[in-house]
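Shown below is the structure under consideration.
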Amino acid sequence: MDEFIESNNDRDSYFINISDGQPNFRQQSTNSYYYYDNAPRHCKKMMRTMESKGIQIMSYFVSSNHYGEMPEVFTQMYGKYATHINIDSIGEITKTMNKLFLQKA
């Protein structure tokens, strides 16, 4: 988180995430887990931290199902920044990114 650059009067900062699911990690050597409740809760906290630094966020849930829905946990993590897009249509990404870039924080 220390590597993120805050937005200011002279600079806009963005965080763009493209995902096909929710965060998860298991390290077998230490039997450590990062998923279920912990990972989404931590992700949501990090989104709030970035938002407090003025970083504009766009998070894409990608799937090949034109009529699919984002998993509920993805929406919980990214809230108003969550967008469902069809992976077969790159135009959907560029359209929403252009909208974000044209906004002034």
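The values are calculated or read from the model by the stated rules, or taken from the named source; none is laboratory data. Every value quoted in this text rests on a predicted model; they were computed, and no experiment measured them. No Cβ is skipped: glycine too gets one built from the backbone with ideal geometry, and neighbour counts run over all protein chains shown.
Can you spot a residue in the stretch 60-68 that is over 13 Å from the mean Cα position of the chain (by Cα), within 23 Å of Asp2 (Cβ to Cβ) and part of a loop (DSSP other than H, G, I, E, B)? Reasoning before the result, please.
So in the stretch 60-68, the residues over 13 Å from the mean Cα position of the chain (by Cα) come out as 63-68.
When the remaining residues are screened for being within 23 Å of Asp2 (Cβ to Cβ), the result is none.
No: zero hits.
Quickly run through the stretch 17-31 and pick out the residues that are exposed (fewer than 11 other Cβ atoms within 10 Å of the Cβ) and out of contact with any strand residue (DSSP E or B) (no Cβ under 7 Å at 6 or more places or on another chain).
Scanning the stretch 17-31 gives Gln27, Gln28, Ser29, Thr30, Asn31.
Of all the residues that make up the stretch 13-22, how many are assigned to a loop (DSSP other than H, G, I, E, B) and modelled with pLDDT of 90 or more?
Count: 1.
Answer yes if at least one residue in the stretch 36-47 is in contact with a strand residue (DSSP E or B) (Cβ under 7 Å, 6 or more places away or on another chain) and under 24 Å from Ile93 (Cα atoms), and no otherwise.
Taking every residue of the stretch 36-47 in turn, at least one turns out to be in contact with a strand residue (DSSP E or B) (Cβ under 7 Å, 6 or more places away or on another chain) and under 24 Å from Ile93 (Cα atoms).
Working only within the stretch 48-62, note down all residues that are more than 14 Å from Phe74 (Cβ to Cβ) and touching a strand residue (DSSP E or B) at 6+ places or on another chain (Cβ under 8 Å).
If the condition is that a residue be more than 14 Å from Phe74 (Cβ to Cβ) and touching a strand residue (DSSP E or B) at 6+ places or on another chain (Cβ under 8 Å), then Met50, Glu51, Gly54, Ile55, Gln56 are the ones that fit.
Evaluate the following for Ser52: is it surrounded by 15 or more Cβ atoms within 10 Å (Cβ to Cβ), out of contact with any Asp or Glu (no Cβ under 6 Å at 6 or more places or on another chain) and among the hydroxyl-bearing types (Ser, Thr, Tyr)? Steps first, answer last, please.
Details: surrounded by 15 or more Cβ atoms within 10 Å (Cβ to Cβ): no; out of contact with any Asp or Glu (no Cβ under 6 Å at 6 or more places or on another chain): yes; among the hydroxyl-bearing types (Ser, Thr, Tyr): yes.
The answer is no for Ser52.
Go through (1) part of a helix (DSSP H, G or I); (2) in contact (Cβ under 8 Å) with a residue 12 or more places away in the chain; (3) not small (Gly, Ala, Ser) and name the single condition Glu6 misses.
Here Glu6 clears every test but (1).
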